Amino acid sequence: MHGFRRDERGAACFGETPLESLLAEAGVGTPAYLYDLDAIADEAHALIAAFGDAPHLIAYAVKACTAGSVVRALARLGVGADVVSGAELEVALGCGVPPEKIVMSGVAKSNDEVDRAIAAGICAIQLESVEEIARVAARAGAASRRARVSLRLNPGVEIDSHAHVATGHDEAKFGIAKDDVSEAWRQIDAAPSELHGVGLSTHVGSMLHDPPLYLESARAVCDAARARRAGRHTLEFVDFGGGFGIDYGKQPVRPPADFVRAALELLRAEGLGELRLIVEPGRALVGAHGVLLASVLQGKRAHGRRWAMIDAGMNDLIRPALYAAWHRVEPLERAPGGASWRVVGPVCESSDDFGEHPLGDSLPERVVLRDAGAYGFTMASEYNGRPLPAEVFVAAGRVARVSRSPGATAWTRRRLEA
Ligand code: LLP
């Protein structure tokens, strides 16, 4: 059995192995991210199985967790990548993801990023504006290459998620408005030596709880796909994006496989069953299988409240401060329960606050912040002179790899040099 669980003593584990002993084996202190590579692989297997025989590509949204160990583990299972920068593209390629399994999104790709994507021959550059088309065509022309492109559609759909992670509505900067799609195709078709229009995509936002909203945006893509084919143009794929939610302990969500099965059903019903279906999950593959370990530095009682000050802060995990997101904070060595403590980090901001958690009548030495595998380390910063945390990758109950924190001394040196 893989993934986060409690053993009979109540100690937090990955599978059978206590996280505390993994930390000791890795030889790192706190704060540190730990990832269960086996649980991530299990997650990918379940998603792959949901596709059955249908032509598909799972393009893992690398931004969720860019660690080479994670991207390599997924690449070994045949998973591709959705990247949003030249640097993410290099990570995907460097981890062995074949170029034909990589899609690149982004509203403001630099010329260098476009050039690299064209040279690598990726599956598709996802175009996010009509205005971008001429620039990509010019870069392809200059390189004497034909760029594979798709149109990222803004379907005009509102999702029931935090405003910061909704991307498919009329006020969002992402994608091409439905009304502009035929002009976009016209421009692509006018540059046949430079551009090859291969697909249609969308990504409506993150933390979807169940399939209906996903299908609403997918339907907009299907409509556009049928219109394109009615003009006797071929399409290789439709890409319905990522956004499958995970359960942070507050609200259950449907498993990602349910989204995939519903999407395949829709494609068949729309008469598009032979097209390759691309999905771009980030959080759903890694979110539940990474944790952030922290030490309690200080307890305090004030204003009738118990405070627990820990050595991980909003610089290490910004989701609570940025999205009012909830991450369970629990004692590392015993099950949660008993008195509640307000858990806060060391950063000089009131939003450096992880909320009230049942840590017990006495404070534990260490705590675990759960479900931190996605958008945890990748959004970390060095604010307040706090170096990036270590990352520990676990496979078969052992430490497979450690990426050490650059440390406070390196941080100080760099700032002195600046
Ligand atoms: N595809 C595109 C084009 C995206 O922009 C994203 C995420 C994904 C796929 C993957 O979405 P996922 O399956 O992980 O929901 N930092 C926020 C999430 C921002 C998501 C940005 N785009 C958070 O911590 O909740």
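The values are calculated or read from the model by the stated rules, or taken from the named source; none is laboratory data. Everything numeric here is computed off the predicted structure, so don't read it as measured data. As a convention, Cβ positions derive from the backbone with ideal geometry for all residues, glycine included, and neighbour counts pool all protein chains shown. Just the protein is used for accessible areas: all its heavy atoms, side chains included, with ligands, DNA and RNA removed. Shrake-Rupley method; radii C 1.70, N 1.55, O 1.52, S 1.80 Å.
Residues that are within 16 Å of the ligand (Cβ to nearest atom) and either assigned to a loop (DSSP other than H, G, I, E, B) or under 16 Å from Asp38 (Cα atoms) (or both) within region 361-403 comprise Arg370, Asp371, Ala372, Gly373, Ala374, Tyr375, Gly376, Ala380, Ser381, listed in sequence order. Got a number for residues in region 132-176 being among the basic types (Lys, Arg), out of contact with any strand residue (DSSP E or B) (no Cβ under 8 Å at 6 or more places or on another chain) and more than 16 Å from the ligand (Cβ to nearest atom)? Qualifying residue count, region 132-176: 2. Here Leu266 passes the criteria (1) over 15 Å from Leu213 (Cβ atoms); (2) open to solvent by 10 Å² or more (accessible area, probe 1.4 Å); (3) not aromatic (Phe, Trp, Tyr) except the one numbered (1). Screening region 119-131 for residues that are touching a Phe, Trp or Tyr at 6+ places or on another chain (Cβ under 9 Å) and closer than 15 Å to Ala92 by Cα and picking the one that is farthest from the ligand (Cβ to nearest atom) gives Cys123. Applying the criterion of being surrounded by fewer than 24 Cβ atoms within 10 Å (Cβ to Cβ) and within 14 Å of the ligand (Cβ to nearest atom) to the residues of region 235-249, the residue that is farthest from Ser150 (Cα to Cα) is Tyr248.
In the condition set (1) touching a residue at least 60 places away in the same chain (Cβ under 8 Å); (2) away from the ligand (no atom under 16 Å from the Cβ), His45 is compliant with all but (1). Applying the condition of being more than 13 Å from the ligand (Cβ to nearest atom) and in a loop (DSSP other than H, G, I, E, B) to region 61-78 and asking which residue is most open to solvent (accessible area, probe 1.4 Å) yields Leu77. Filtered by the rule that a residue be within 26 Å of the chain's Cα centre (by Cα) and surrounded by fewer than 24 Cβ atoms within 10 Å (Cβ to Cβ), region 179-204 gives a lone residue, Val198. Could we say that Ala325 is in contact with a Phe, Trp or Tyr (Cβ under 9 Å, 6 or more places away or on another chain), part of a helix (DSSP H, G or I) and within 16 Å of the ligand (Cβ to nearest atom) here? Answer is no for this residue.
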